[in-house]
Amino acid sequence: MELAFYCSKSQRQNLQIYISTRYPEWKMKNFSSKYHPYSHHHTQESQNQDTRKQKETAIEEEEEERARCEWDFSLSTIVSSSNDNNSTASISDALGVIEFDETNSIIATGGIARKIRIYSLESLLPHESTSQDVHDTIFLDHARARDYYICTPAKLSSFRWKPRSDGRVLGSGDYDGVVMEYNLERRIPIFERDEHGGRRVWSVDYSHCDPTMGASGSDDGTMQMWDTRSESGECVATVQPSVRRSAVCCVEFNPFGGPIVAIGCADSKVYGYDLRMMADPVFVLGGHRKTVTYIKFLDNATLVSASIDGCLKLWNSDNSNVIRTYHGHVNNRNFVGLSVWRNGGLLGCGSENNKVFVYDKRWSEPVWVHESSPMGKDGCGSGFVSSVCWRQVGEDQCTLVTGGSDGVLQVFRGKRKTRAG
């Protein structure tokens, strides 16, 4: 029969003294484990846990490094104003919004210049239709590169292509608090709505389930939904997310057809409302420290937000939890743009140090950074990247278009590297 016994602390000390004197070649840790059968098990388990954690960390670092090296980006085209030597003219041409149409072949830009410029991707990327791997950057000016432009009555802060309009209708929000729609074939406004009391409209969007339904977010602290079939844009619903009536800076309907519209506010929160019952939000995402400037759906339940607290956040709207926070770009004052490329899982944003940042959704650090212009004597750039937009096609090749506060439009091409083995 096998006996097991345990000794007290004082007995154990006496035994240690006896054995170390009588048998100096023995190691007390072996003796100790003999009389404490669980100690060895716990030590071994702890060592195994540490080993597992080290392996997991190593794997994560290896995967992150692979993600950083997964893409090759190159600057394909630079489109600038013909009067770039005039600093006043450059500032007045700042680009605040860039949008691809549903075909991903037409680009619209707008901003301080009170113009909607329309470009064909073919004119910006003349090598797109060839199989040649061209790395030389093309330099153009807006007058030669654009297809045409439409003058607007006010500075533009936002616009969105109207779904199912075959690229013929573009909705906009401006600094005077007016929402308008433009028929691009006839190049005239066809709809006007002024219901935000003259307060700046920061964001507009359309429902993908019912494109006659639009929404606008404003400095007046409300998000208003309206029907474009009504001549005056009949108000369908109005919500005031913040008790303090904080400005609504961004609005986005679920582009995957769900009933949710997401709203980002100056109170640092993101609110989600169900279109079928908008009395109260169905989720509130709190984690940013300052104004939320952009909100984008990555998939049906995952959203990405940007804030002037200098970070992006990835959210699970089902449980309102933060999945990941992205750091690296500089943003503490201005709208610097946010766009997600859903096919490739990449996030793009601008920065107040005049750089373009690309993040892989899996990692918190940027996987690619490009400086748009040389730094000035004070260590700062002459402006900042103020708008970005991904082309929503492909999986192994991508296109990112960016605009700057200096009015310069840049087109970048990305290609996924071929993995060896």
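Separation of the alpha carbons by more than 27 angstrom is noted, of K53/K417; K155/K296; K53/K355, for K53/K417; K53/K355.
In percent, rounded to a whole number, the relative contact order of the stretch 138-221 is 24, using alpha-carbon pairs under 8 Å and six or more apart.
The three principal axes of the Cα atoms in the stretch 314-358 give end-to-end lengths of 35, 25, 16 Å, sorted in falling order. Using only the Cα atoms of the stretch 186-281, build the gyration tensor, take square roots of its eigenvalues as a ≥ b ≥ c, and label the shape rounded, prolate or oblate: rounded if a/c is under 1.5, else prolate if a/b is larger than b/c, else oblate. Note, shape of the stretch 186-281 comes out oblate. Placing one identical point scatterer on every Cα of the stretch 122-234 and ignoring solvent, what is log10 I(q)/I(0) from the Debye formula at q = 0.10, 0.24 Å⁻¹? Log10 of I(q)/I(0), two decimals: -0.38, -1.31.
Over the C-alpha atoms of the stretch 216-341, the Rg to Rh ratio, Rh being the Kirkwood estimate, stands at 0.96. A simple charge model with +1 on the Cβ of Lys and Arg, -1 on the Cβ of Asp and Glu and nothing else charged puts the dipole of the stretch 101-211 at about 460 debye relative to its Cα centre. Taking K and R as +1 and D and E as -1, what net charge do the other residues with C-beta under 14 Å from the C-beta of V340 add up to? Charge balance near V340 sits at +3. Each label point was placed 7 Å from the Cα along the Cα-to-Cβ direction; for T325 and T238 their separation is 3.6 nm.
With the whole protein complex present, V248 retains an accessible surface near 0 Å², based on a 1.4 Å probe.
Among the chymotrypsin sites (Phe, Trp or Tyr not before Pro) in the stretch 234-293, those located in a DSSP loop and surrounded by at most 14 other Cβ atoms within 10 Å of their own Cβ are F256. Measuring max minus min along each principal axis, the C-alpha atoms of the stretch 267-330 give extents of 38, 23, 16 Å (largest first).
Ranking A262, S317, I295 by Cα position along the charge dipole of the stretch 250-330, where only Lys, Arg, Asp and Glu carry charges on their C-beta atoms, puts I295 farthest toward the positive end.
Stretched out fully, how many nm does the piece from K290 to R229 gain, at 0.36 nm a residue minus the Cα gap? If you can, show how the numbers build up before the last one.
Details: separation 61, 0.36 × 61 = 21.96 nm, distance 3.67 nm.
Extra length available between K290 and R229 comes to 18.3 nm.
The length gained by stretching the chain between D280 and N343 to full extension, at 0.36 nm per residue less their Cα-Cα distance, is 19.4 nm. Applying the criteria of a DSSP loop state and at most 15 other Cβ atoms within 10 Å to the trypsin sites (Lys or Arg not before Pro) of the stretch 268-329 yields R276, R289. Looking at the stretch 145-182, the trypsin sites (Lys or Arg not before Pro) that sit in a DSSP loop and have at most 15 other Cβ atoms within 10 Å of their own Cβ are R164, R168. The overall shape of the stretch 264-421, judged from the alpha-carbon gyration tensor, is oblate: a/c is not under 1.5, and a/b is no greater than b/c.
The values are calculated or read from the model by the stated rules, or taken from the named source; none is laboratory data. Since we're looking at a predicted model, the values are computed, not measured. Glycine also receives a Cβ, built like all others from the backbone with ideal geometry; neighbour counts cover every protein chain displayed. Please note that ligands, DNA and RNA were not included when accessible areas were found on the heavy atoms of the full protein model with its side chains. Shrake-Rupley method; radii C 1.70, N 1.55, O 1.52, S 1.80 Å.
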